[in-house]
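Step one of this worksheet: look at the structure below.
The values are calculated or read from the model by the stated rules, or taken from the named source; none is laboratory data. These numbers were taken from a predicted model, which means no experiment stands behind them. Every residue, glycine among them, receives a Cβ derived from its backbone with ideal geometry; neighbour counts consider all protein chains shown. To get the accessible areas, we keep the full protein, side chains included, count just its heavy atoms, and leave off ligands, DNA and RNA. Shrake-Rupley method; radii C 1.70, N 1.55, O 1.52, S 1.80 Å.
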Amino acid sequence: MIDLNADLGEGFGRWELTDDERLLSVVTSANVACGFHAGDAVTMRRVCELAAERGVTIGAQVAYRDLAGFGRRAMDVPPAELAAEVAYQIGALEVFARAAGARVAYVKPHGALYNRVVHDEEQATAVIDGVLLADPALPVLGLPGSRLLEVAGKAGLPAVTEAFADRAYTEEGTLVPRGQDGAVISDPDVVVERSLGLARLGEVDSLAGTRIEVRARSLCLHGDTPGAVELARRVRRRLEESGVRVEAFA
């Protein structure tokens, strides 16, 4: 059993990045941008309505306040400020989720914040403090072995592990930084087979070529990848044909 999630609602005003409507026909969970790295009120409302119509679980994708850098620039945000901003983003999305007859069912950090809380306990604690402020029962989605999931577990929040079929891994099980050669895997055939390996075996080859363990309950499919919709369909079809049940975790 595995969940398929995608980053959605990553447009702003007249600018659109992800094909939200078609991806929502494939994935089981939607990480909806909450306005800090992408997204706006109109986009958030529309994606929540589409997700609710299709029975797709809605998650808040929280980020550093960085529209210009798409949330991928390193930032130093004081813990109290970060906690408040995480809660603010969740609360904003919750309004639109409830209006659509659904709810925010989990939280996932985005970009630089996602990578920061793999190792930085102070920032991870701030994120969890923000989640607790918004809803003390929300699951948190993150990298296996991360400080984020460790802190979430200690706080009594469900800690849900995530894997990436289209991103390269280090031998330590962390993601290779995007600026490094080979960090993003663009060959669709390779992505499909890596998805199957992650779902069935909990294993994947690192960038160095060694087989590493990455056990995850959810698999991320990036919505801003060229040909994202067709790739997502291929991944889901391959999983289901191989006997893997595709189902939301929340």
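For the reader, a short list of remarks on this structure follows.
- Just one of the numbered conditions (1) among the polar types (S, T, N, Q); (2) open to solvent by 10 Å² or more (accessible area, probe 1.4 Å); (3) within 25 Å of residue 84 (Cβ to Cβ) is not true of residue 18: (3).
- Only one of the numbered conditions (1) in contact with a helix residue (DSSP H, G or I) (Cβ under 8 Å, 6 or more places away or on another chain); (2) surrounded by fewer than 21 Cβ atoms within 10 Å (Cβ to Cβ) is not met by residue 42, and that is (1).
- Inclusion of residue 206 among residues that are out of contact with any Asp or Glu (no Cβ under 8 Å at 6 or more places or on another chain) and at pLDDT 95 or above is not warranted.
- Restricting 204, 191, 160 to residues that are buried (at least 18 other Cβ atoms within 10 Å of the Cβ), touching a Lys or Arg at 6+ places or on another chain (Cβ under 6 Å) and more than 30 Å from residue 134 (Cα to Cα) narrows the list to 204.
- The single residue among 43, 28, 57, 18 that is of a type in the set (S, T, N, Q) and at pLDDT below 95 turns out to be 18.
- If you filter the range 235-245 down to residues that are in contact (Cβ under 8 Å) with a residue 40 or more places away in the chain and farther than 15 Å from residue 201 by Cα, you find that the one that is surrounded by the most Cβ atoms within 10 Å (Cβ to Cβ) is 235.
- Pick from the range 52-73, criterion open to solvent by 60 Å² or more (accessible area, probe 1.4 Å) and in a loop (DSSP other than H, G, I, E, B), ranking: farthest from residue 11 (Cα to Cα): 55
- Residue 49 being surrounded by fewer than 18 Cβ atoms within 10 Å (Cβ to Cβ), closer than 20 Å to residue 18 by Cα and touching a residue at least 12 places away in the same chain (Cβ under 8 Å): yes
- Close Cβ contacts (under 6 Å, 6 or more residues apart or on different chains) running from residues in the range 11-40 that are under 20 Å from residue 70 (Cβ atoms) to residues that are among the β-branched types (Val, Ile, Thr) and at pLDDT below 95 comprise 19/229; 23/229.
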